[in-house]
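One structure is given here, and the rest of the page talks about it.
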Amino acid sequence: MSTPAPIALTCGDPAGVGPEVSLKAWQALKGEVDLFWIGDPRHLPDGTPFAEIADPAEARAVGATALPVLRHDFAAPATPGMPDLANAPATVAVIERAVAMVQSGAASAVCTNPINKKVLKDGADFAYPGHTEFLAALGGVDRVVMMLACPELRVVPVTIHIPIADVPAALTPDLLEETARITVNAMIRDFGMPAPRVAVAGLNPHAGEGGAMGHEDIDVITPVIERLHAEGIDIHGPRSADTMFHAEARAGYDVALCMYHDQALIPIKTIDFASGVNVTLGLPFVRTSPDHGTAYDIAGHGVADARSLIAALRLARDMSEARA
């Protein structure tokens with residue numbers, strides 16, 4: 001069996017905590033996860049032991065003693081906490097380079113450090129709502145799904161980043177069914193589960209109480225579940241969200257579909273705030289990222305918590321092995 005290719009770790013916004021947590025993650029994972037960092041070595045914390053590589057295949061040989069770096073020159077140095085628009089084009093180019101490498105087989109997965117969308121828009125005419133949409137375009141797919149994962153829980157918000165008042169209209173049968181199918185396929189392909197168990201949360205309190213608290217659970221959610229269940233998918237619900245996330249309930253499913261952002265993110269961040277991982281399902285390649293932003297306020301102070309990035313790299317490795 002051939003040795004898996006290393007994981008491509010993008011630098012993210014060099015003024016954020018990406019360089020710092022990348023160093024900490026390599027220190028924690030050297031000898032366990034093969035990776036290489038794509039970025040400008042000038043942006044790494046002072047004293048970082050790094051080794052420039054010309055090819056990702058060299059990462060394994062140097063990774064035990066130095067952070068493997070695939071050099072990508074940026075226009076300017078980086079000042080922690082002070083994003084520079086001059087560095088925006090290279091930040092975007094690093095993402096493109098990482099995706100090209102995983103598509104060619106030179107990397108096994110992409111793990112992305114945080115970016116700032118406004119900085120990229122202002123400095124590089126970034127035309128995408130966010131990281132995920134850009135990766136979908138690079139992967140040539142129209143629809144991807146966000147999953148938040150930790151060892152105790154995996155959640156997928158069906159609607160994301162919209163006002164709660166807009167959720168009922170946005171929650172259509174087609175959206176729910178497409179999200180469920182992408183999720184099930186990803187659980188099979190990326191998590192090695194031949195028959196994943198899917199729990200579906202209701203939209204309204206107590207899953208609508210038979211229509212007393214709204215009809216979306218009856219009219220929108222239930223028919224989709226019944227249709228997918230008839231196809232042999234192990235999917236059940238809608239369930240009352242307030243009883244879905246305690247330990248005994250979680251033991252009964254592998255992934256939970258939630259109807260809106262906070263319904264998914266509150267339980268996972270309560271269970272594992274520091275080590276949750278953002279996973280993009282539906283891409284033709286594996287992509288994970290830490291579940292936090294650039295954190296300009298603490299960048300450069302040496303206090304950034306790398307646990308989410310460490311977990312993201314481990315999960316990227318496991319998912320790429322499952323695909324292989």
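Within the set of pairs 6+ apart or on separate chains, which have a first residue in the stretch 130-159 that is free of Cβ contacts under 8 Å to residues at least 24 places away in the same chain and within 19 Å of Ala264 (Cβ to Cβ), a second that is of a type in the set (Ser, Thr, Tyr) and in a loop (DSSP other than H, G, I, E, B), and C-beta atoms under 7 Å apart?
Correct list of pairs: empty, since none qualify.
Take the stretch 295-322 and flag every residue that is over 14 Å from Val17 (Cα atoms) and surrounded by 18 or more Cβ atoms within 10 Å (Cβ to Cβ).
Filtering the stretch 295-322 for residues over 14 Å from Val17 (Cα atoms) gives 311-322.
Scanning the stretch 295-322 gives Ala311, Ala312, Leu313, Arg314, Leu315, Ala316, Arg317, Met319, Ser320.
Check the stretch 163-181 and report whether any residue there is open to solvent by 20 Å² or more (accessible area, probe 1.4 Å), under 23 Å from Arg227 (Cβ atoms) and in a loop (DSSP other than H, G, I, E, B).
Looking through the stretch 163-181, at least one residue is open to solvent by 20 Å² or more (accessible area, probe 1.4 Å), under 23 Å from Arg227 (Cβ atoms) and in a loop (DSSP other than H, G, I, E, B).
What residue, among those in the stretch 192-201 that are without any contact (Cβ under 8 Å) to a residue 60 or more places away in the chain and assigned to a loop (DSSP other than H, G, I, E, B), is surrounded by the fewest Cβ atoms within 10 Å (Cβ to Cβ)?
Initially, the stretch 192-201 is screened for residues without any contact (Cβ under 8 Å) to a residue 60 or more places away in the chain, giving 194-200.
After this cut, where a residue has to be assigned to a loop (DSSP other than H, G, I, E, B) as well, the list is 194-196.
Numbers: Pro194: 6, Ala195: 11, Pro196: 20.
Checking each candidate, the answer is Pro194.
Take Val62 and tell me if it is open to solvent by less than 10 Å² (accessible area, probe 1.4 Å) and among the hydrophobic types (A, V, I, L, M, F, W, C).
no
Which one is nearest to Arg154 (Cα to Cα), of the residues in the stretch 240-269 that are small (Gly, Ala, Ser) and open to solvent by less than 50 Å² (accessible area, probe 1.4 Å)?
Looking at the filtered set, the residue picked out is Ala256.
Could you please find all residues in the stretch 79-90 being open to solvent by 10 Å² or more (accessible area, probe 1.4 Å) and under 21 Å from Phe134 (Cβ atoms)?
Pro83, Asp84, Leu85, Ala86, Pro89, Ala90
Given (1) open to solvent by 20 Å² or more (accessible area, probe 1.4 Å); (2) more than 18 Å from the chain's Cα centre (by Cα); (3) of a type in the set (Val, Ile, Thr), where does Ile221 come up short, assuming only one miss?
Against the list (1) open to solvent by 20 Å² or more (accessible area, probe 1.4 Å); (2) more than 18 Å from the chain's Cα centre (by Cα); (3) of a type in the set (Val, Ile, Thr), Ile221 comes up short only on (1).
Output the residues belonging to the stretch 284-294 that are in a loop (DSSP other than H, G, I, E, B) and either under 21 Å from Ala186 (Cβ atoms) or open to solvent by 60 Å² or more (accessible area, probe 1.4 Å) (or both).
Hits for the stretch 284-294 are Pro284, Phe285, Val286, Asp291, His292.
Yes or no, residue by residue, for (1) modelled with pLDDT of 95 or more; (2) touching a Lys or Arg at 6+ places or on another chain (Cβ under 8 Å); (3) under 26 Å from Gly252 (Cα atoms):
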residue	(1), (2), (3)
Val144	yes, no, yes
Ile162	no, no, no
Ala169	yes, no, no
Glu177	yes, yes, yes
Thr183	yes, no, yes
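Being hydrophobic (A, V, I, L, M, F, W, C), open to solvent by 20 Å² or more (accessible area, probe 1.4 Å) and in contact with a Cys (Cβ under 8 Å, 6 or more places away or on another chain) is the filter here; which residues of the stretch 270-283 pass it?
Answer for the stretch 270-283, where residues must be hydrophobic (A, V, I, L, M, F, W, C), open to solvent by 20 Å² or more (accessible area, probe 1.4 Å) and in contact with a Cys (Cβ under 8 Å, 6 or more places away or on another chain): just Ile271.
Given (1) modelled with pLDDT of 95 or more; (2) more than 23 Å from Asp297 (Cβ to Cβ), where does Thr3 come up short, assuming only one miss?
All conditions pass for Thr3, except number (1).
Quick check: is even one residue across the stretch 21-37 open to solvent by 70 Å² or more (accessible area, probe 1.4 Å), in contact with a strand residue (DSSP E or B) (Cβ under 7 Å, 6 or more places away or on another chain), without any contact (Cβ under 8 Å) to a residue 40 or more places away in the chain and of a type in the set (Phe, Trp, Tyr)? Give the derivation first.
Keep residues of the stretch 21-37 that are open to solvent by 70 Å² or more (accessible area, probe 1.4 Å), which gives 27, 30-32.
Next cut, in contact with a strand residue (DSSP E or B) (Cβ under 7 Å, 6 or more places away or on another chain) only: none.
No, the stretch 21-37 contains no residue that is open to solvent by 70 Å² or more (accessible area, probe 1.4 Å), in contact with a strand residue (DSSP E or B) (Cβ under 7 Å, 6 or more places away or on another chain), without any contact (Cβ under 8 Å) to a residue 40 or more places away in the chain and of a type in the set (Phe, Trp, Tyr).
How do the pairs read when you match residues in the stretch 64-85 that are farther than 17 Å from Leu23 by Cα with residues anywhere that are of a type in the set (S, T, N, Q), using Cβ under 7 Å and keeping only pairs 6 or more apart or on different chains?
Phe74/Asn87; Ala75/Asn87; Ala76/Asn87; Pro83/Asn116
The values are calculated or read from the model by the stated rules, or taken from the named source; none is laboratory data. In this text, all values refer to a predicted model and were calculated from it rather than measured experimentally. So basically every Cβ, Gly included, is an ideal-geometry build from the backbone, and we count neighbours across all protein chains shown. What goes into the accessible areas is simple: the full protein's heavy atoms, side chains included, and nothing from ligands, DNA or RNA. Shrake-Rupley method; radii C 1.70, N 1.55, O 1.52, S 1.80 Å.
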